[in-house]
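Report on one structure; see the data block that follows.
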Amino acid sequence: MFPRSIVSMTATALLLASASIPETLAQALVLTHARIVDVDAGRIREGLTVVVEDGRIRAVGEAPDIPAGAEIVDLEGRFLMPGLIDSHVHVNGSAGIRGDQIAAHRDLVLAYRDQEPRSYLYWGFTTLIDLNQDDATVRRWNAREAAPWLLACEGAPYTDGYGMAFNPDPARYDDPYHIVDPDRLDHLPAGFDAGAHTPEAVIERIRFDTDAICVKLYHEPGFAGLFDFNTADSQTLRRAVEAAETAGLVPLIHANSLASWEAAEAAGFPVLAHGLWHWDDENGAGTDAGAALPARIAALLDRLAARGASIQLTTRVIGGEIDLYRPELLAGDSMAHTLPAGLLAWYASPQGGWFREELETRIAEHPEIVAYFLGEVPSGEPAETSRRALERLVRLNEGLEARGIERLFASDTPSSPTWTNPPGLNGYWEMQQMVAMGMSPLAVLRSATVLNADRFGLAGEVGRIQPGLRANLLVLDRNPLQSLDVFDDGLVEIILDGQRFPRALLSTMETGQQDTD
């Protein structure tokens, strides 16, 4: 079983140093009369003072020493909790604008990227883990004043598998972190050094070449038959897990089908990077709430529980598809605080609806795949497949809950090139969906703080309010253990490395983004 508190003495240590708190910081900060949300104990600790120096928490108590010249802020009984951690994002994207449209709308993409880190902060996310990002992007992001702390995984695709199959041949094989399939050596360019692309060699290269804290592998057969991707066998995957553990990197795997989850379990992955919504040969099983899971899935969950595996449900992959049929969301206040006005207007235009049209066309062209996925003859109702997938996630979560299987907060923002996965707001919607699926506010907050911090080796940096950790904190005017609605209308201030950011100033309403044409 993968150690939950492991901190790499190589790649992770280097990253923590490179992303350290800036040398020039504001004076010491003292927060008095705080009601601290203790996410470990699930209770509120009353009347405490938090002392912050050099961007880190120095003391927490009833009467700690106050540094001379400190800025003293009376919270007047407001709630103070650790900043949220989203362990599955993809930053610096295309803003949901199709590749051939970007040249004509470059200004919209740039406006989106400029606002993106502030929007994550606006919704309370102070730490992000990108599951396939380059070091240069991470460093540029972390150099900004108002941006969540960004860390990253390095992706390790398999020969002709998901993650590289869409790239042109033979350029796709240039990926230095591509794990080679020994059965497809005849597909590789002349002179290709297969020995440099074993699981062990690739993981070792990631360890020395990058600042990654984790490595992401893939097991994706092709979305119920829509594609035919090559997949690694469990032995290859197991070798990758063992190599990653040795290197101090957290191994995750993209997996959302029953076959993929079984392969991931057999290989010993500690983190599965999606919920299970492709039930394969069990697709015909009923999805009524409270109904027993198919025996094959139940047995799989038993094995995952025994291994101590963690699951990233990523419900917004599915919720985002359903929301394509809710255009009224574009006119809501939440969107107005999160995305530039010009981009919202473009999303509402005929051009901006391209992803929904593409999704509908794909479904219409493959009725046999739709029928297989549903396990029955399709009715033709809009978003029918997505709604069925969400029903399966609800059933799955019941099974995870019953077995005490850990769920890590992860929104997969954006899971698709669409307007329905906006930065930060998509994470808030993920939290609300987790509650709707039966999780308590405390369980969701634990998944977005201490569980993510512990699993990804960040417990010495973030996730709790205790001396020595980064002062990444949220000030709220209501108790988040009672309702997560407080993140919509009761989040007052975000404190990032000891610097205070009033929430309102992070909104597009205040950053000038609402004037974008």
Worksheet item: Once amide H atoms are built 1.01 Å from N in the peptide plane, which residues 5 or more positions from Val250, or in another chain, come under 5 Å H to H?
Response: Cys214, Val215
Discussion item. Given the DSSP H assignment, sum -39500 (n - 2.57) over each helix run of at least 4 residues in the chain and divide by its residue total; what's the result at 222 nm in deg cm²/dmol, nearest 500?
Written reply: -10000 deg cm²/dmol
Discussion item. Out of all Cα-Cα pairs in the stretch 151-292, roughly what percent, to the nearest whole number, are more than 27 Å apart?
Written reply: 22
Worksheet entry | Relative contact order computed over the stretch 116-171 (Cα-Cα under 8 Å; 6+ residues apart), in percent | 35
Practice prompt. Arrange the peptides 61-74, 254-267 so that the one whose residues have, on average, the most other Cβ atoms within 10 Å appears first.
Written response: 254-267, 61-74
Discussion item. Can you work out the Karplus-derived ³J(HN,Hα) for every residue in the stretch 268-278? Use 6.51 cos²θ - 1.76 cosθ + 1.60 with θ = phi - 60°, whole Hz, and x for glycine or proline.
Written reply: x, 5, x, 9, 9, 8, 7, x, 9, 10, 9
Fill in: Rounded to whole Hz, the Karplus (6.51, -1.76, 1.60) HN-Hα couplings of the stretch 391-396, x for glycine and proline
4, 5, 5, 4, 4, 4
Worksheet item: Probe 1.4 Å, all protein chains in place: accessible area of Glu321 in Å², nearest 10?
Response: 40
Worksheet item: Using alpha carbon centroids, what distance separates the stretch 249-280 and the stretch 421-483, in Å?
Response: 23
Item to complete: Read through the labelled values [x] 342; [y] 157; [z] 146 and report the label of the one computed as volume of the Cα convex hull per residue in Å³ from the structure.
Response: [z]
Response to the item:
Given Cβ charges of +1 for Lys and Arg and -1 for Asp and Glu, the option among Leu110, Ala41, Ile129 whose Cα lies farthest towards the positive end of the dipole of the stretch 16-145 is Leu110
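Which of rounded, prolate, oblate describes the stretch 459-504, given a ≥ b ≥ c as roots of the alpha-carbon gyration tensor eigenvalues and a/c under 1.5 marking rounded, otherwise prolate only if a/b is larger than b/c? Walk me through the intermediate numbers first.
Working: a/c = 3.19, a/b = 1.51, b/c = 2.12.
Note, shape of the stretch 459-504 comes out oblate.
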Worksheet item: How large is the accessible surface per residue of the chain, computed with a 1.4 Å probe and reported in Å² as a whole number?
Response: 38
Practice prompt. State to the nearest 20 debye the size of the charge dipole of the chain about its Cα centre, where the only charges are +1 on K and R beta carbons and -1 on D and E beta carbons.
Written response: 1080
Fill in: Whole-Hz ³J(HN,Hα) from phi, Karplus 6.51 cos²θ - 1.76 cosθ + 1.60, for the stretch 301-312, glycine and proline x
5, 4, 5, 5, 4, 5, 7, x, 6, 10, 10, 9
Practice prompt. Using a 10 Å cut-off on Cβ atoms, rank the peptides 149-157, 87-95 from the highest mean neighbour count down.
Written response: 149-157, 87-95
Item to complete: Take every DSSP beta bridge with both residues inside the chain and express the antiparallel ones as a percent of the total, to the nearest 5.
Response: 45
Worksheet, complete the sentence: The percentage of the accessible area of the stretch 412-506 (probe 1.4 Å, all protein chains present) made up of carbon and sulfur atoms, to the nearest whole number, is 49
Worksheet entry | Peptides ranked, highest mean first, by Cβ atoms within 10 Å: ranges 162-174, 207-219 | 207-219, 162-174
Worksheet item: For the stretch 153-169 and the stretch 326-347, what is the separation of their C-alpha centers, rounded to whole Å?
Response: 33
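The values are calculated or read from the model by the stated rules, or taken from the named source; none is laboratory data. Only a predicted model underlies this, so the values are computations on that prediction, with no experimental measurement involved. Ideal geometry is used to build each Cβ from the backbone, glycine not excepted, and the neighbour counts take in all protein chains shown. Heavy atoms of the whole protein, side chains included, go into the accessibility calculation; ligands, DNA and RNA do not. Shrake-Rupley method; radii C 1.70, N 1.55, O 1.52, S 1.80 Å.
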